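> Below is one structure. I have some questions about it.
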Amino acid sequence: MAVSGSAVEWLGWSFNIHPRTVTGIQLFNVQYKKERIAYELSMQDILVLYSGGAPDDYFKSYFDNGWSIGAASTPLVRGVDCPQDAVYMNSNTYIVGKDQGVSINDSICIFEHRNSIPLHRHYSSSFLDGSYRYAFSMPDSVLIVRQILTLWNYDYIFDYEFHQNGVIELKVSSTGYVAVTTNLDGSTNSHGYVINDGWKATANLHQHIFNFRLDLDIDGINNNFKTIDISKTTPTKHDFSGAKTWSQIIMQESVIDNEQDAAIRYDFSRPKLYVMYDNKTSKQRGYRIQSNNFHNPVLSDSSPLLAGGASWTKYQLAVTKFNESETTTASAFVQGDPFNPAINFDDFIENNDKLTNEDLVAWVTVGLHHIPTYEDLPVTSTPGKTLSVVLAPFNYFERDPAIHSRDAAVFWHEVIQKPDGILYQNDTCLVPNVKPSVYP
C-alpha cells in the first residue's frame, strides 16, 4: 500500500480521498489496473425516522446531512477502531460555531485486512476412493478505507472495501445508544419495547436509511443501463419426465433508456440484476450494482417527507444522466424545512433524460428497521446491523483478475513409492516458505 497525500494505491487499485463537511468522505477517480471504474463513490445522506405515540415522537425525523455528516467524524482509536499499524489521515472541516475550519486528527484510516471467508476455494477429489488431486484456496485480502461518524446518539462506521477480484463494497454499520421515551404505564406498545423497568423507558422502533452516489465510468464515460430479469418457465414436456411438470428459471435482458424507467422500486418477489455497461463491443463490459439490503419503504408516497426532502427513499436504485446541478440528493438545509427542500430528488427524474451512451450516475438506497431490546443497553452492537452495496465486475475482465495474486495457494497431490513398497502421499505447495498441509 502506498499513500501520498490524498492518493492511495494498492495491488492495482488507486483513488483519491476527499473529506467533505456535509456528506463525509468521497472517493474520486477510482481505478483498477489503470482503468477508471468510478469518478466518485460517496455517501449522500442518512435519514432516521422514529415511531411513537407522543407528538414529538410522531414527527421525529433526522436528516443527518442537515447536521453536517462529515463534521461529525471522530478521532479513531488506534488498535480498536482500526489496526494500530493502519495509515491515519486528518480531515479538515467546518463546524457550526467556529469562525474558521478545524482539523480532526486521525479521522480516516486505511489498512489491509484479511477477511474470514476465502475469496476462492476448491478441493478436487476422486469420488471413487476419496483421494484428492489438488486443493486451491486464496484468502480474501482487502483494502479498507474507514471513517466513523458520531451524530448525537448514533455512531456509523463507513467502510470502502476493495477486493483483488475487482469488487468494491460500500458498507455502513450502526452502533451507539438508542433514544428512549417514557411510558408511564410501563407496558410494551406498538411503538417499541420497554428496555428499563425502573425508568419505564421505551426505545422506539425506528428506521436507518442511507443513500449512496455511484458515479461510474465503465470503459469510458458513455455508459448504458440494463436489468436482467429472473423468472420461471415451464419447458415443453419431454418423454423422460413422465407425468411430472417441470419448471426452471430463465433470464431476460431489458435495456432501460430513460430516467423515469430507471427509478427502480424493487419488487422483492421478482429478482433482478442491475448492470451499468459500455456497448462499444459485443462483450458489453459492465459492473453490476447489487445489495441484499435495499431499503423496503413502508410509508406512503403521500407522506410529506417522502414528497419532500426524503423523496430519494422511495427508490432502491435510480440511474440518472450526469448533471452539474444534480451532485447530491440532499442539502445542508433539509433538516430545517424537509417539506419544501432546496433539493428534491424527484426533480432529478422529472425531466426524464435519455440514458443511452451517456455519463450515468447511480443512486442506491439501503436501510434497516431497528426494534431495540434490552440487549441494546448500554450500547447497540454492530452484528446484524451492517448494510452494504456491492459493485462487481460483469463481463468486464477476460477472467477473474485475482487468479494471478500471490495470495493464492495450490496444493498438489503426489504419490511416491519408496523402496519398501509402501506408497506415501505427499503434498507440494506453490507458495514458498510455507509448510505443506497434510491431508489424510
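> Go through the stretch 121-154 and count every residue that is in contact (Cβ under 8 Å) with a residue 40 or more places away in the chain, surrounded by 16 or more Cβ atoms within 10 Å (Cβ to Cβ) and not aliphatic (A, V, I, L, M).
Here the count works out to 8.
> Can you report the number of residues in the stretch 73-103 which are of a type in the set (A, V, I, L, M, F, W, C) and at pLDDT below 95?
Keep residues of the stretch 73-103 that are of a type in the set (A, V, I, L, M, F, W, C), which gives 76-77, 80, 82, 86-87, 89, 95-96, 102.
Adding the requirement that they be at pLDDT below 95 leaves 95-96, 102.
The qualifying residues number 3.
> Given the residues GLY66, GLY53, which is the only one that is assigned to a loop (DSSP other than H, G, I, E, B) and either modelled with pLDDT of 95 or more or not hydroxyl-bearing (Ser, Thr, Tyr) (or both)?
Working: GLY66 fails: assigned to a loop (DSSP other than H, G, I, E, B).
After ruling out the rest, the residue left standing is GLY53.
> With the structure loaded, tell me whether GLN164 is within 23 Å of the chain's Cα centre (by Cα), assigned to a loop (DSSP other than H, G, I, E, B) and surrounded by 14 or more Cβ atoms within 10 Å (Cβ to Cβ) or whether it fails that test.
Judged against the criteria, GLN164 is a match.
> If you don't mind, another one. Just name the residue that is surrounded by the fewest Cβ atoms within 10 Å (Cβ to Cβ) out of those in the stretch 342-356 that are touching a strand residue (DSSP E or B) at 6+ places or on another chain (Cβ under 7 Å) and of a type outside the set (A, V, I, L, M, F, W, C). Even if it seems obvious, please write down each step before you answer.
Let us first name the residues in the stretch 342-356 that are touching a strand residue (DSSP E or B) at 6+ places or on another chain (Cβ under 7 Å), namely 348-349, 352-356.
Still in the list and also of a type outside the set (A, V, I, L, M, F, W, C): 352-354, 356.
Numbers: ASN352: 14, ASP353: 18, LYS354: 10, THR356: 15.
Taking the candidates together, the pick is LYS354.
> Give me the pairs: first residue in the stretch 364-387 and under 19 Å from ILE289 (Cα atoms) and surrounded by 14 or more Cβ atoms within 10 Å (Cβ to Cβ), second residue modelled with pLDDT of 95 or more and among the β-branched types (Val, Ile, Thr), beta-carbon distance under 7 Å, and six or more apart or on different chains, which are they?
Between residues of the stretch 364-387 that are under 19 Å from ILE289 (Cα atoms) and surrounded by 14 or more Cβ atoms within 10 Å (Cβ to Cβ) and residues that are modelled with pLDDT of 95 or more and among the β-branched types (Val, Ile, Thr), the close pairs are VAL364/ILE289; VAL364/VAL389; THR365/ILE209; THR365/THR313; VAL366/VAL389; GLY367/ILE209; LEU387/VAL172; LEU387/VAL366.
> Here's something else I'd like to know. Since SER405 meets every condition but one in (1) more than 29 Å from PHE212 (Cα to Cα); (2) crowded, with 16+ Cβ neighbours inside 10 Å; (3) at pLDDT 95 or above, which condition does it not meet?
Going through the list (1) more than 29 Å from PHE212 (Cα to Cα); (2) crowded, with 16+ Cβ neighbours inside 10 Å; (3) at pLDDT 95 or above, SER405 breaks only (3).
> So which of GLY176, GLY192, GLY166 ends up being within 30 Å of ARG406 (Cβ to Cβ), touching a residue at least 60 places away in the same chain (Cβ under 8 Å) and of a type in the set (Gly, Ala, Ser)?
Details: GLY176 fails: within 30 Å of ARG406 (Cβ to Cβ); GLY192 fails: within 30 Å of ARG406 (Cβ to Cβ).
Checking each option against the conditions leaves just GLY166.
> Counting just the residues of the stretch 320-341 that are without any contact (Cβ under 8 Å) to a residue 40 or more places away in the chain and charged (D, E, K, R), which one comes out surrounded by the fewest Cβ atoms within 10 Å (Cβ to Cβ)?
Among those that are without any contact (Cβ under 8 Å) to a residue 40 or more places away in the chain and charged (D, E, K, R), it is GLU324.
> Say we look at the stretch 167-177 and pick out the residues that are over 15 Å from LEU119 (Cβ atoms) and either surrounded by fewer than 21 Cβ atoms within 10 Å (Cβ to Cβ) or modelled with pLDDT under 95 (or both); which of these is nearest to the chain's Cα centre (by Cα)? Show your work before the answer.
Initially, the stretch 167-177 is screened for residues over 15 Å from LEU119 (Cβ atoms), giving 170-177.
From the residues that got through so far, the ones that are either surrounded by fewer than 21 Cβ atoms within 10 Å (Cβ to Cβ) or modelled with pLDDT under 95 (or both) too are 171, 173, 175-177.
Values: LYS171: 4, SER173: 10, THR175: 17, GLY176: 20, TYR177: 23 Å.
Checked the stretch 167-177; the qualifying residue nearest to the chain's Cα centre (by Cα) is LYS171.
> Here is a further query. Among the numbered conditions (1) within 20 Å of the chain's Cα centre (by Cα); (2) surrounded by fewer than 20 Cβ atoms within 10 Å (Cβ to Cβ); (3) under 27 Å from LEU368 (Cβ atoms), tell me where ARG36 comes up short.
(3)
> Looking for whichever is hydrophobic (A, V, I, L, M, F, W, C) and closer than 18 Å to PRO19 by Cα here; the options are VAL80, VAL96, VAL48. Which one fits? Steps first, please.
Working: VAL80 fails: closer than 18 Å to PRO19 by Cα; VAL48 fails: closer than 18 Å to PRO19 by Cα.
So the residue among VAL80, VAL96, VAL48 that is hydrophobic (A, V, I, L, M, F, W, C) and closer than 18 Å to PRO19 by Cα is VAL96.
> Do we have any residue at all in the stretch 98-110 that's without any contact (Cβ under 8 Å) to a residue 40 or more places away in the chain and closer than 25 Å to SER141 by Cα?
Residues of the stretch 98-110 without any contact (Cβ under 8 Å) to a residue 40 or more places away in the chain: 98-106, 109.
Remaining after also requiring closer than 25 Å to SER141 by Cα: 106, 109.
Yes, the stretch 98-110 has at least one match.
The values are calculated or read from the model by the stated rules, or taken from the named source; none is laboratory data. Please read all numbers here as calculations on a predicted model, not as lab measurements. In this analysis, Cβ positions are derived from the backbone assuming ideal geometry, glycine residues included, and neighbour counts consider all displayed protein chains.
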